[in-house]
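The values are calculated or read from the model by the stated rules, or taken from the named source; none is laboratory data. All figures in this text were calculated on a predicted structure; none of them were measured in a lab. Reconstructed Cβ throughout: ideal geometry from the backbone, glycine too, with neighbour counts over all protein chains shown. Side chains included, ligands, DNA and RNA excluded: accessible areas come from the protein's heavy atoms. Shrake-Rupley method; radii C 1.70, N 1.55, O 1.52, S 1.80 Å.
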Amino acid sequence: MALRAVVRSVSHYVPGRRVTNDDLSALMDTSDAWITERTGIKERRFIDSEGVTTSQLGEAAARQALDRAGWAAQDVDLIVAATLSPDLYFPGIGVILQQRLGCRAIPALDIRAQCSGLVYGLSCVDGYVKSRQAKKILLVCAEVQSPVLDLTTRGRDMAVLFGDGAGALAIEACEAEEGDPLVQRGIIDSHLGSDGSGAEVLCMKLPGTARPGFIKESDIQEGLVHPKMEGKVVFKNAVGRLLETAQTLLKRNGLQPGQIDLIVPHQANLRINEMVREELKLPPERVFNNIERYGNTTAATIPICLSEAVAEGRLREGSLVLTLAFGAGFTWGGNLVRW
Ligand code: COA
């Protein structure tokens, strides 16, 4: 008998408010041409009104994932949440989701792996399943990033990249005999990495305990409460680590790139994903991208892509999927999943 962590459903939720590149050009010195050419982004979603929280977006995605899996909230025995934009400094959103969804007093944990939240999350879920600690798991990845962006010319390099959104997966522990098609399904393998020497290359310094006095008025004036990035350094590291992750997972599982039905990469920059695709010598239809419509929703990008890929029929039961992510930390990784 083999124990597999099988994805039963995936769902996503994005707020209704579309913010185009032209909308941002009205707030800062930028242009649709610059943003499109450098990133592939045309628009992103921002929360509809002030005070909408990350857990609210996560809840909307999670409720639909529960419905699609045919589960009640009471069936769930573990919540794994991933976000860099929690409702509160502490606790994390895992427990808030437990309460909002009406789950039992089950374990709920938060992963802080930024853009790698989904790939770390799937690896974590696989571990819980294979150590027989959980059977019905909700993995929720959600972000509300628009309120922390510096929407002025000073913050334009970061402000044009990010959006708000959420995705959720219902994942079930399935026991199957050899010969049962179920034995082929589920999370097959994961590869994760980190390099903390990049911690301050992409970060938001406040709120944080490293700052004497915690938060001062001058820190706000200096913009330390907004995310900062050395874009070119991140770009170079991202391409290298994404490729390294893909090659590691392919080699370890005796696969050629052409045997993957769909690669679902993190959506940070279309040029990054195109470089990875070209290096793997795959046609455009084998890589799923939607950065044009949502920008970078950090932990939520991959689940939003998975959800849309299912809706578009590009991901079906039996498809072999490779997820790939790189983000702040630095953190990176990928998962090989038989859908
Ligand atoms: N609009 C117009 N001009 C802008 C701008 C904006 N929004 N943001 C920056 N610029 C300007 C810069 O000031 C700079 O001007 P200068 O040449 O006069 O100094 C010029 O454009 C080039 O900036 P640069 O940062 O070198 O651009 P880039 O080609 O590196 O593209 C990113 C910037 C952010 C799109 C790119 O570096 C990137 O995608 N990095 C990786 C992101 C990533 O992978 N994140 C993963 C985790 S979230």
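Brief remarks follow.
- Using a cut-off of 24 Å between Cα atoms, the listed pairs Lys42/Lys228; Lys205/Lys232; Lys228/Lys251; Lys42/Lys205; Lys236/Lys281 include Lys228/Lys251; Lys42/Lys205 as exceeding that distance.
- Dmax and Rg, reported as Rg then Dmax, of segment 3-175 (C-alpha, Å): 17.5, 56
- Relative packing of peptides 329-335, 65-71 - highest average C-beta neighbours within 10 Å first: 329-335, 65-71
- Antiparallel content of DSSP bridges confined to the chain, in %, to 5: 75
- Taking the centroid of alpha carbons for each part, segment 277-339 and segment 52-118 are 21 Å apart.
- Protein heavy-atom surface of segment 205-339, 1.4 angstrom probe: 53% of the accessible area is carbon and sulfur, with nucleic acids and ligands not counted.
- In angstrom, the C-alpha Rg and Dmax of segment 120-211 are 19.2, 60.
- Put simply, when 238-245, 17-24, 290-297 are sorted by average Cβ atoms within 10 angstrom per residue, most first, you get 290-297, 238-245, 17-24.
- Probe 1.4 Å, accessible area per residue of segment 64-143, Å²: 42
- In degrees, nearest ten, helix 54-69 long axis to first principal axis of the chain (Cα): 20
- In degrees, nearest ten, helix 301-311 long axis to first principal axis of the chain (Cα): 50
- Relative contact order (percent, whole number), the chain, Cα cutoff 8 Å, 6+ residue spacing: 26
- Spin-label model distance (nm) - Glu317 vs Ala105, 7 Å beyond Cα toward Cβ: 3.8
- Solvent exposure of segment 186-338 amounts to 44 Å² per residue of accessible area, where only protein heavy atoms count and the probe is 1.4 Å.
- Nearest-20 debye value, segment 3-175 charge dipole, Cβ charges on Lys, Arg, Asp, Glu: 620
- By a 1.4 Å probe calculation restricted to protein chains, Phe214 has an accessible surface near 80 Å², given to the nearest 10.
- Gln184-Lys216 FRET efficiency (beta carbon distance; Förster radius 51 Å; 0.05 resolution): 0.35
- Average Cα contact separation per residue, segment 294-339, under 8 Å, 6 or more apart, as relative contact order %: 31
- Think of segment 3-175 as having a plus end and a minus end, set by charges on the Cβ of Lys, Arg, Asp and Glu; of Ile111, Ser85, Cys124, Cys124 sits farthest toward the positive end of this dipole.
- Length gained when the stretch Tyr89-Ala26 is fully extended (0.36 nm per residue, less Cα-Cα span): 19.5 nm
- Net charge over other residues, Cβ less than 14 angstrom from the Cβ of Asn296 (K, R count +1; D, E count -1): +1
- Most mobile of Gln145, Gln267, Gln259 in a GNM of the chain (Cα contacts under 10 Å): Gln259
- Surrounding net charge for Leu243, when Lys and Arg each add one and Asp and Glu each subtract one, Cβ distance under 13 Å: +1
- Carbon/sulfur fraction of accessible area - segment 92-133, other protein chains in place, 1.4 Å, %: 48
- Between Glu279 and Glu200, full extension at 0.36 nm per residue minus the direct alpha carbon distance yields a gain of 25.6 nm.
- Net charge contributed by nearby residues that have their C-beta within less than 13 Å of Met1 (K/R +1, D/E -1): -1
- Dimensions in Å of the chain - Rg and Dmax from alpha carbons: 19.2, 65
- Whole-number percent relative contact order across segment 3-175, with pairs defined as alpha carbons under 8 Å at least 6 apart: 36
- Angle between the chain longest axis and helix 270-279 axis [Cα atoms, degrees, rounded to 10]: 40
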